[in-house]
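Participant: Pasting a structure here, questions to come.
The values are calculated or read from the model by the stated rules, or taken from the named source; none is laboratory data. These figures come from a predicted structure and were not determined experimentally. Don't worry about glycine lacking a Cβ; one is built from the backbone with ideal geometry, like all the others, and counts go over all protein chains shown.
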Amino acid sequence: MSPRPIRTALVGCGGWGRNLLREIARHPEAELVAVVDPHPAAQARALSLAPSVEIDARLSDALRRGIDAVVIASPPEWHAEHALAALRAGAHVLVEKPLTTDASAAAELLLHSRRSGRIAMVGHVMRYHPAVTRLLSLVRQGALGSIRHGFSTRRSSRPDDGHIIWELAPHDLSLWRAMTSAPIMRVEVTHLDDNQAAVRVESETQLCCHVELSRAEGARERRFTLVGERGLVVFDDGGSRPSLRLFEKAIPSVNEPAALDAFLAENRRSFVDLPFEPAQPLALELDHFFTCIRTGRSPETGFDEGAEVARVLHQALVR
């Protein structure tokens, strides 16, 4: 006899929430029971995508329906309140990034999640991209030798999506944390306006990643570059097809964005493409969440990582 589906509620059916709704509704382990959103337009959107789902204006109403898991895609300022309510009700929780925008709230959530014994996961979705999985495997096998530097560029034309640091930087901090297998020690914001930012991320192992963020340009660019003592890998997710390219030779010192750009331009014909399985990162993320619920396995991106990212970003922005 197969186990019963994991009864799931989704909080928030905005731009990203609708993507989560589709993936939850089609997942074989899950039953989408309720969508929580106080806005009539979002409620209508949810019903158009899942006509049989229950619609609630408050999470407390959904939790009375016998919910096993709650996926939270509400605005970031509501994440802590919604996640805490779900944990207190005994539900497993997946919170979209950022976990919170307040370090003390993030620490409180981490404490409650540990006490609850529930699966508590943050949606750092790029960690579940098949190309990132392949890149992490290369790093752990020592194919690049010791990691030296990281570079990330993330550009889009979405000027009204909240604070640019909280909206975009968690992706890059999560990737860098995974590549170095070390906690993040500090983040320095070297430039910031409404639609552009430059960030320097330093791990406890003294390694540094340069992050450039922009929402002021029409071109879409998502590039993460990892420099090791024996080679360099570029993950490019900005075009119609993601790519992972390897330069497998010892390289000169590349420790600033301008030096990286010059190196890439000069050596673009010397890279080889690395294959990886095509799959949607969001579907893989949700599959990981439901698998952790079934097995009791700790998630790859738990609340410990989410709280760490919230802490260092909060500290950088209040200086």
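Participant: I'd like the full set of residues that are in contact with a Phe, Trp or Tyr (Cβ under 9 Å, 6 or more places away or on another chain) and hydrophobic (A, V, I, L, M, F, W, C), limited to region 25-67.
Facilitator: The one that is in contact with a Phe, Trp or Tyr (Cβ under 9 Å, 6 or more places away or on another chain) and hydrophobic (A, V, I, L, M, F, W, C): Ala30.
Participant: Does Leu94 satisfy the condition of being within 30 Å of Ala316 (Cβ to Cβ), assigned to a helix (DSSP H, G or I) and either free of Cβ contacts under 8 Å to residues at least 12 places away in the same chain or touching a strand residue (DSSP E or B) at 6+ places or on another chain (Cβ under 9 Å) (or both)? Even if it seems obvious, please write down each step before you answer.
Facilitator: Working: within 30 Å of Ala316 (Cβ to Cβ): yes; assigned to a helix (DSSP H, G or I): no; either free of Cβ contacts under 8 Å to residues at least 12 places away in the same chain or touching a strand residue (DSSP E or B) at 6+ places or on another chain (Cβ under 9 Å) (or both): yes.
No; evaluated as a whole, the condition is false for this residue.
Participant: With Asp102, Asp56, Asp61, Asp68 as the choices, which residue is closer than 16 Å to Phe290 by Cα and assigned by TED's automatic domain parsing to the domain that holds Phe289? Walk me through how you get there before you give the answer.
Facilitator: Numbers: Asp102 fails: closer than 16 Å to Phe290 by Cα; Asp56 fails: closer than 16 Å to Phe290 by Cα; Asp61 fails: closer than 16 Å to Phe290 by Cα.
Residue meeting the stated conditions: Asp68.
Participant: Which one of these does Leu47 not meet: (1) part of a helix (DSSP H, G or I); (2) touching a Pro at 6+ places or on another chain (Cβ under 8 Å); (3) not acidic (Asp, Glu)?
Facilitator: (2)
Participant: For Ala258, only one of the following conditions fails: (1) in a loop (DSSP other than H, G, I, E, B); (2) surrounded by fewer than 19 Cβ atoms within 10 Å (Cβ to Cβ). What is its number?
Facilitator: Looking at each condition in turn, Ala258 falls short on (1).
Participant: Could you run through region 141-166 and say how many residues are among the charged types (D, E, K, R) and either within 22 Å of Ser253 (Cα to Cα) or without any contact (Cβ under 8 Å) to a residue 40 or more places away in the chain (or both)? Give the steps one after another, and end with the answer.
Facilitator: The first filter runs over region 141-166 and keeps only residues among the charged types (D, E, K, R), leaving 148, 154-155, 158, 160-161.
Now restrict to residues that are either within 22 Å of Ser253 (Cα to Cα) or without any contact (Cβ under 8 Å) to a residue 40 or more places away in the chain (or both): 148, 160.
Of the residues in region 141-166, 2 are among the charged types (D, E, K, R) and either within 22 Å of Ser253 (Cα to Cα) or without any contact (Cβ under 8 Å) to a residue 40 or more places away in the chain (or both).
Participant: Quick one: Glu167 ticks every box in (1) touching a Phe, Trp or Tyr at 6+ places or on another chain (Cβ under 8 Å); (2) of a type in the set (Asp, Glu); (3) assigned by TED's automatic domain parsing to the domain that holds Glu248 bar one, so which box is it?
Facilitator: For Glu167, the failing item is (1).
Participant: So, Phe290, is that one in the same structural domain as Gly162 (by TED's automatic domain parsing) and surrounded by 13 or more Cβ atoms within 10 Å (Cβ to Cβ) or not? So that I can check it myself, show each step before the final result.
Facilitator: On the way: in the same structural domain as Gly162 (by TED's automatic domain parsing): no; surrounded by 13 or more Cβ atoms within 10 Å (Cβ to Cβ): yes.
Spelling it out, it is not the case that Phe290 is in the same structural domain as Gly162 (by TED's automatic domain parsing) and surrounded by 13 or more Cβ atoms within 10 Å (Cβ to Cβ).
Participant: Does region 60-81 hold any residues that are over 17 Å from the mean Cα position of the chain (by Cα), assigned to a helix (DSSP H, G or I) and crowded, with 21+ Cβ neighbours inside 10 Å, and which are they?
Facilitator: Ala62
Participant: Please go through (1) closer than 21 Å to Val199 by Cα; (2) in a strand (DSSP E or B) for Arg245 and return the number of the only condition it doesn't satisfy.
Facilitator: Evaluating Arg245 over (1) closer than 21 Å to Val199 by Cα; (2) in a strand (DSSP E or B) leaves (1) as the failure.
Participant: Tell me, yes or no, whether region 122-144 has at least one residue that is more than 30 Å from Arg294 (Cβ to Cβ), surrounded by fewer than 20 Cβ atoms within 10 Å (Cβ to Cβ) and modelled with pLDDT under 95.
Facilitator: Step one: of region 122-144, the residues more than 30 Å from Arg294 (Cβ to Cβ) are 142-144.
Pick out the ones that are also surrounded by fewer than 20 Cβ atoms within 10 Å (Cβ to Cβ) and you get 142-143.
Subset that is modelled with pLDDT under 95: 142-143.
Scanning region 122-144, I find at least one residue that is more than 30 Å from Arg294 (Cβ to Cβ), surrounded by fewer than 20 Cβ atoms within 10 Å (Cβ to Cβ) and modelled with pLDDT under 95, so the answer is yes.
Participant: Output yes when any residue across region 211-220 is at pLDDT below 90, surrounded by fewer than 17 Cβ atoms within 10 Å (Cβ to Cβ) and touching a Gly at 6+ places or on another chain (Cβ under 9 Å), and no when none is.
Facilitator: Within region 211-220, the first condition is being at pLDDT below 90, and the residues that meet it are 215-220.
When the remaining residues are screened for being surrounded by fewer than 17 Cβ atoms within 10 Å (Cβ to Cβ), the result is 216-220.
Filter once more, keeping what is touching a Gly at 6+ places or on another chain (Cβ under 9 Å): 219-220.
Yes, the conditions are met somewhere in region 211-220.
Participant: Also, quick follow-up: Would you please name the residue that is nearest to the chain's Cα centre (by Cα), looking only at residues in region 117-151 that are closer than 21 Å to Leu264 by Cα and β-branched (Val, Ile, Thr)?
Facilitator: Val132
Participant: Would you be able to say whether some residue in region 280-302 is within 24 Å of Arg148 (Cα to Cα) and either touching a residue at least 60 places away in the same chain (Cβ under 8 Å) or of a type in the set (Ser, Thr, Tyr) (or both)? If you could, list the steps in order and put the result at the bottom.
Facilitator: From region 280-302, those within 24 Å of Arg148 (Cα to Cα) are 300-301; that's our starting set.
With the extra rule that they be either touching a residue at least 60 places away in the same chain (Cβ under 8 Å) or of a type in the set (Ser, Thr, Tyr) (or both), the set shrinks to 300-301.
Within region 280-302 (the criterion being within 24 Å of Arg148 (Cα to Cα) and either touching a residue at least 60 places away in the same chain (Cβ under 8 Å) or of a type in the set (Ser, Thr, Tyr) (or both)), the answer is yes, since at least one residue qualifies.
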